[in-house]
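Contents: one structure, followed by commentary.
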Amino acid sequence: QNIHLVAKWLGSLEKKLEQHSEGSHQDFRVFISAEPAPSPDSHIIPQGILENSIKITNEAPTGMHANLHKALDNFNQDTLEMCSRENEFKSILFALCYFHAVVAERRKFGPQGWNRPYPFNTGDLTISVNVLYNYLEASSKVPYDDLRYLVGEIMYGGHITDDWDRRLCKTYLGEFIKPEMLEGELLLAPGFPIPGNMDYNGYHQYIDDALPPESPYLYGLHPNAEIGFLTQTSEKLFHVMLEMQPRDTSMGEGGVVTREETVKALLEEMLEKLMDEFNIAELMAKVGERTPYIVVAIQECESMNILTSEIKRSLQKLDLGLKGELTMTSDMENLQNALFLDMVPESWIKRAYPSTASLGTWFADLLTRIKELEVWTGDFALPSTVWLSGFFNPQSFLTAIMQSTARKNQWPLDKMTLQCDVTKKNREDFASPPREGAYVHGLFMEGARWDVQTGIITDARLKELTPAMPVIFIKAIPADKQDTRSVYPCPVYKTRQRGPTYVWTFNLKTRESPSKWVLAGVALLLQI
C-alpha cells in the first residue's frame with residue numbers, strides 16, 4: 001500500500017484517538033498491528049500514538065530448539081498421515097523442518113553464516129512439504145535428486161543471490177536428504193540422528209529429549225563462529241555508546257585535553273607521516289617493457305595517489321578550520337568526529353579498499369602498503385613473496401600471474417586456471433621469487449586451520465579465530481590439468497564482511513569431505 005496515504009491516515013487516527021480519549025466507553029480500545037519497517041524513513045507511526053500505547057512485540061524464536069519446534073508447528077497429525085508412503089514422507093518432512101530451522105537461524109553468525117541475509121519464511125517450508133507429498137505419490141522410487149533441486153534451487157534457492165550461499169544451501173540438502181536417512185544412519189547434527197517413524201507429538205517429544213544443547217555444532221559450524229559473532233556484536237554496542245558521548249569541547253576541571261586538541265595532534269601526526277605521492281611519469285620512464293606485473297604496480301600507485309591526496313587535502317582543510325582561518329563545513333565536522341572516534345572518514349573509505357579496521361590500525365596499514373609499493377617500484381623486480389593483502393585490487397595481480405605465464409608459454413588465457421600450493425614456510429624463508437608464478441603471504445583462514453605438517457585443512461583450535469596461512473605458491477596451469485579430487489574450493493575474501501569483498505577461489509587439499517568445510521563456512525581472508 002502507499003506509504004504516504006498510510007502516514008496521512010495515521011495522522012488523522014491520532015486526532016480521532018485524542019477526541020475519543022474523553023467521554024468514551026471505559027472498555028473502548030484500539031488494536032493496531034504493524035510489521036518492522038524496512039528503513040528509518042518508513043517509521044511513520046506518530047509519536048503520540050506510540051507514547052500512549054502498550055506495545056507488545058512478537059520476537060522470532062532463537063536457537064535451534066525453539067526454531068525446530070516452530071517449524072514442526074506448521075504441521076499436525078493429519079499431515080503426517082496424508083501420504084501413502086508414510087516412512088519416507090515422515091523422515092524427509094522432519095529433515096526439511098531441521099533444514100528450515102538451520103538456514104533461518106544460521107543468520108545470527110553474520111557473514112560466516114550467510115554472505116547475505118535472506119528472508120526465508122514458513123511458506124518456503126510448507127510448499128516444500130507439498131512438493132514432497134506430490135512427488136512421493138507420483139513415483140515408485142524416492143526422487144532424492146529432484147527433491148533436493150526443487151527445495152535448494154527454487155523454494156529456498158529462489159531467495160539466494162550469492163553463489164557461495166547457494167553452494168551452502170545445496171550442501172545442507174545433500175547431507176540431510178539422501179537414501180541413508182531411511183536406514184536410520186543419518187545424523188542431522190553431531191549426536192542428533194534422524195528419528196524413526198513416530199506420531200506428531202512423538203516428534204515434538206523427540207526434539208526435547210534428543211536435540212543437544214544450543215551450539216554452533218548444530219549448524220555444522222565450529223564453536224569459534226560464536227566467539228567471533230559475539231565479539232563483533234559487543235564491539236558494535238561499544239561503538240554506538242562512544243558515538244552517543246556528549247561532544248562538549250569546553251575545558252573541564254583540571255584542564256582535560258579537549259576534543260579539538262586531540263584531533264589536532266592526530267592530524268599533524270598523520271600529515272607528517274604521509275609520504276609524497278608516486279611520480280607516475282617518472283616510474284613509466286623507468287620501465288622498458290610493460291609486463292603484466294608492471295601494469296599492476298603502476299595501477300596500484302595511481303590508486304594510492306588518489307587516496308593519499310584526498311587524505312592530505314581533507315586534513316589540511318580541517319587544520320585551517322580548527323585554526324579559524326576557514327569556516328567549518330559539515331564535511332570538516334564529519335572528519336573531525338571520525339578522527340576523534342578513531343573511525344576511518346567517509347571520503348577516505350570511498351577511495352580506499354574494503355577494511356573493518358579502526359582508524360589507528362587502518363592508517364598504520366596504509367603506511368605499510370605504501371612502503372611495499374615503494375620497494376616494488378624501486379626496481380620493478382617482483383618481490384620474493386608478495387603481500388597479496390596490500391593491493392587495492394588483488395584480482396588484477398592474480399590475473400597478471402596467468403597473463404605472464406600465458407605469454408611465456410603461448411597458452412590461450414581463457415583455458416588457464418591458478419593452482420595454489422601451500423608451502424611449509426613463512427615469508428622470511430624466501431630470498432627470491434619463483435621462476436614462474438608468485439609466492440604470496442598475508443592470508444588467514446576462518447572456520448578451520450591449515451595443518452602445515454600434513455598439508456591439509458583441519459579443525460580449528462578453540463579461540464584461534466583466524467590463524468595465519470604459510471606462504472602460498474601460486475602458478476598458472478592449463479585448466480584441464482588441475483586436480484579436483486580431494487580439494488575444497490575455498491573462497492578468498494578481502495575482509496571478514498565477506499560477500500562483495502570476494503577475490504578468487506583457491507583449491508585447498510582436504511582428507512575429509514569438502515561439504516564439512518562448506519557447512520563450517522571456511523574461507524581465506526586477506527585481512528582480519
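List residues of region 201-244, by number, whose backbone nitrogen lies under 20 Å from a label position 7 Å along Cα→C-beta of LEU187.
Within reach of a label on LEU187, which here means backbone N under 20 Å from a point 7 Å along Cα→Cβ, region 201-244 contributes 206-226.
Of SER486, LEU17, PRO61, which is farthest along the charge dipole of the chain in the positive direction, counting Lys and Arg as +1 and Asp and Glu as -1 at C-beta?
SER486
Peptides 298-306, 486-494, 71-79: what's the order by average Cβ count within 10 Å, highest mean first?
Going from most to least packed, we get 486-494, 298-306, 71-79.
Given the -39500 (n - 2.57) contribution per DSSP H run of 4+ residues, what per-residue ellipticity at 222 nm results for the chain, rounded to the nearest 500 deg cm²/dmol? Please report the intermediate quantities before stating the final value.
Working: 18 runs with 241 residues, N = 528.
-14500 deg cm²/dmol, from helical runs alone.
Calculate, in nm to one decimal, what GLU235 and LYS15 gain on full extension: separation in residues at 0.36 nm each, minus their alpha carbon distance. Mind showing how you got there, number by number?
Numbers: separation 220, 0.36 × 220 = 79.20 nm, distance 4.25 nm.
The GLU235-LYS15 span can extend by a further 75.0 nm.
Quickly rank 178-186, 307-315 as a protection proxy: mean count of other C-beta atoms within 10 Å, highest first.
Numbers: 178-186: 13.6, 307-315: 17.1.
The densest-packed peptide leads the list: 307-315, 178-186.
Using mean Cβ contacts within 10 Å as the protection proxy, how do 51-61, 432-442, 272-282, 219-229 order, highest first? Display every interim value, and only then the final one.
Working: 51-61: 8.4, 432-442: 17.9, 272-282: 12.3, 219-229: 20.3.
In decreasing order of mean packing, 51-61, 432-442, 272-282, 219-229 become 219-229, 432-442, 272-282, 51-61.
How many nm separate the modelled label positions at ALA265 and GLU22, each set 7 Å beyond the Cα in the direction of the Cβ?
6.0
Can you give the extra length, in nm with one decimal, that the chain gains between ASN121 and ALA37 once fully stretched, where that is 0.36 nm per residue apart less the Cα-Cα distance? Numbers along the way, then the final one.
On the way: separation 84, 0.36 × 84 = 30.24 nm, distance 1.72 nm.
Gain on stretching ASN121 to ALA37: 28.5 nm.
Less than 14 Å Cβ to Cβ from PHE397, Lys/Arg counted +1 and Asp/Glu -1: what total charge do the surrounding residues give? Numbers along the way, then the final one.
Details: positive: ARG369, LYS475, LYS494; negative: GLU300, GLU372.
Net charge in that neighbourhood comes out at +1.
Can you give the net charge of the other residues whose Cβ lies under 14 Å from the Cβ of CYS97, counting K and R as +1 and D and E as -1?
Numbers: positive: LYS70, LYS90; negative: ASP73, GLU105, ASP124.
Residues near CYS97 contribute -1 overall.
Work out the FRET efficiency for LEU283 and VAL375 from their Cβ-Cβ distance, taking R0 = 22 Å, and round it to the nearest 0.05. Spell out each step's value before the answer.
Details: r = 13 Å, r/R0 = 0.60.
Computed FRET efficiency for LEU283 and VAL375 comes out at 0.95.
Based on the Cβ-Cβ distance from SER513 to ALA66, what FRET efficiency comes out when R0 is 41 Å, to the nearest 0.05?
Working: r = 30 Å, r/R0 = 0.72.
It comes to 0.85.
Quantify, in whole percent, the carbon and sulfur part of the accessible surface of the chain (1.4 Å probe; protein heavy atoms only).
Values: 14910 of 28450 Å².
Carbon with sulfur: 52 percent of the solvent-accessible area.
For every other residue with a beta carbon closer than 12 angstrom to the beta carbon of LEU373, add +1 if it is Lys or Arg and -1 if Asp or Glu, then tell me the sum.
Values: positive: ARG369, LYS371; negative: GLU277, GLU300, GLU302, GLU372, GLU374.
My count for the surroundings of LEU373 gives -3.
In terms of Cα to Cα distance under 24 Å, which lysines are near enough to LYS425, apart from those fewer than 8 places away along the same chain?
Reachable lysines: LYS371, LYS463, LYS475, LYS494, LYS509.
Rounded to the nearest whole Å², what accessible area per residue is found for the chain with the 1.4 Å probe?
Numbers: 28450 Å² over 528 residues.
Accessible area per residue, the chain: 54 Å².
First measure r as the distance between the Cβ atoms of MET244 and ALA468, then evaluate 1/(1 + (r/R0)^6) with R0 = 30 Å and state the FRET efficiency to the nearest 0.05.
On the way: r = 36 Å, r/R0 = 1.20.
The calculated FRET efficiency here is 0.25.
Expressed in nm to one decimal, what extension gain is obtained for the pair GLN77 and ALA138 from 0.36 nm per residue of sequence separation less their Cα-Cα distance? It would help to have the intermediate numbers written out before the result.
Details: separation 61, 0.36 × 61 = 21.96 nm, distance 2.20 nm.
Gain in length upon complete extension: 19.8 nm.
The values are calculated or read from the model by the stated rules, or taken from the named source; none is laboratory data. Quantities reported herein were computed from a predicted structural model and do not represent experimental measurements. With ideal geometry, Cβ positions are generated from the backbone for all residues, glycine too; neighbour counts draw on all protein chains shown. Accessible surface areas use protein heavy atoms only, side chains included; no ligands, DNA or RNA. Shrake-Rupley method; radii C 1.70, N 1.55, O 1.52, S 1.80 Å.
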